[in-house]
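Undergrad: Before anything else, here's the structure in question.
The values are calculated or read from the model by the stated rules, or taken from the named source; none is laboratory data. Everything quoted here is computed from the prediction, not taken from an experiment. Backbone-built Cβ (ideal geometry, glycine too); neighbour counts: all protein chains shown. With ligands, DNA and RNA removed, areas are computed over all heavy atoms of the protein, side chains included. Shrake-Rupley method; radii C 1.70, N 1.55, O 1.52, S 1.80 Å.
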Amino acid sequence: MTPVQLSSTDRLLAVVDHALRALTSAPQATRPKPAPGRPGALLDDVERRRAGALMRVNHVGEVCAQALYSAQALATADPALRRQFERAAGEETDHLAWTAERLAELGARQSLLNPLWYAGAFGIGLLAARAGDATSLGFLIETERQVERHLEGHLDRLPAGDQESRAIVTQMKNDEASHAMAAEQAGGTRLPPPFRWAMRAAAKVMTTTAHYV
Ligand SMILES: [Fe+2]
Ligand SMILES: [Fe+2]
């Protein structure tokens with residue numbers, strides 16, 4: 001089937017629609033929320049608050065993923081690459097929906113700064129995309145790898161009995177690894193160390209803030 005050709009205005013409207021969906025409506029997952037092999041333990045208040053804070057950070061990460069993929073899909077001139085970004089963004093929507101649902105189950109709220117995170121990540125995504133497809137993909141590889149390591153760390157920090165959050169985080173970690181691999185196969189180049197350090201520092205600010213706000 002021939003892909004539909006969208007004008008720049010159509011693409012811009014799609015970007016606005018995407019942002020509004022990520023920030024204001026309940027995202028629709030295409031896959032069922034990962035369920036644990038065995039039901040989790042009943043969490044006490046301290047555990048519930050800790051799990052809520054960690055899942056809020058993960059939800060913010062997914063808000064940022066929505067913005068990054070949306071910016072990069074908008075900016076690339078390569079239709080095949082745009083389709084790859086849109087495909088990955090679909091899986092990120094699953095992550096967004098699952099983390100939002102788990103936050104609600106834990107009685108925790110989403111970050112109040114989500115519009116700010118979205119705008120910041122969108123701007124960074126556009127900057128990366130302007131440097132060309134290879135750099136843009138390199139930026140994605142580094143982002144996905146950092147997220148994968150971050151999620152690995154959360155598996156150590158989540159309450160042992162919170163099997164529900166663990167099942168979600170484990171599936172997200174596997175998906176992020178496959179997003180990094182897909183970006184590598186599409187020709188992404190490894191970013192120089194100073195960029196990787198700057199990205200780690202920016203991620204640290206975001207994760208520390210989102211833990212509380
Ligand atoms: Fe994700
Ligand atoms: Fe990802």
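Undergrad: Any chance you could run the full-extension gain for Ala77 through Val16? It's 0.36 nm times the residue separation minus the Cα-Cα distance, nm to one decimal.
TA: This chain segment gains 20.1 nm when fully extended.
Undergrad: Can I ask one more? Just in region 114-213: which trypsin sites (Lys or Arg not before Pro) are loop by DSSP and have at most 15 other Cβ atoms within 10 Å?
TA: Numbers: sites: Arg130, Arg145, Arg149, Arg157, Arg166, Lys173, Arg190, Arg196, Arg200, Lys204; in loops: Arg190.
Those that pass, being in a loop and sparsely packed, are Arg190.
Undergrad: Modelled label-to-label distance, Arg87 and Ala26, 7 Å Cα→beta-carbon offset: nm?
TA: Here the answer is 3.0 nm between the modelled labels.
Undergrad: Could you compute how much accessible surface Ile124 exposes when probed at 1.4 Å, giving the result in Å² to the nearest 10?
TA: 80 Å²
Undergrad: On the full set of protein chains, 1.4 Å probe, figure out the accessible area of Asp45 and give it in Å² to the nearest 10.
TA: Per-residue accessible area (Asp45): approximately 110 Å².
Undergrad: Follow-up question, since we're still on this one. Sequence gap at least 6, Cα distance under 8 Å: using those rules, report the relative contact order of the chain to the nearest whole percent.
TA: 29 percent
Undergrad: Can you tell me the accessible area per residue over region 1-158, all protein chains present, probe 1.4 angstrom, in square angstrom?
TA: Spelled out: the 1.4 Å probe surface of region 1-158, per residue, equals 52 Å².
Undergrad: Beyond 29 Å, what share of the Cα-Cα pairs of region 60-213 remains, rounded to the nearest whole percent?
TA: The calculated P(r) of region 60-213 puts 14 percent of pairs beyond 29 Å.
Undergrad: Between Ser8 and Val46, what FRET efficiency follows from the Cβ-Cβ distance if R0 is 35 Å, with the result rounded to 0.05? Provide the component values of the computation, followed by the final result.
TA: Details: r = 51 Å, r/R0 = 1.46.
So the FRET efficiency works out to roughly 0.10.
Undergrad: A further question follows. Could you tell me which residue out of Thr76, Pro36, Trp117 lies farthest along the dipole of region 1-120 toward its positive end? Charges go on the beta carbon: Lys and Arg +1, Asp and Glu -1, centred on the Cα centre.
TA: With unit charges placed on the Cβ atoms, the residue in question is Pro36.
Undergrad: Using amide H atoms built 1.01 Å from N in the peptide plane, name the residues 5+ places from Asp78, or on other chains, whose amide H lies under 5 Å from its own.
TA: When sequence neighbours closer than 5 places are left aside, there are no close amide H contacts.
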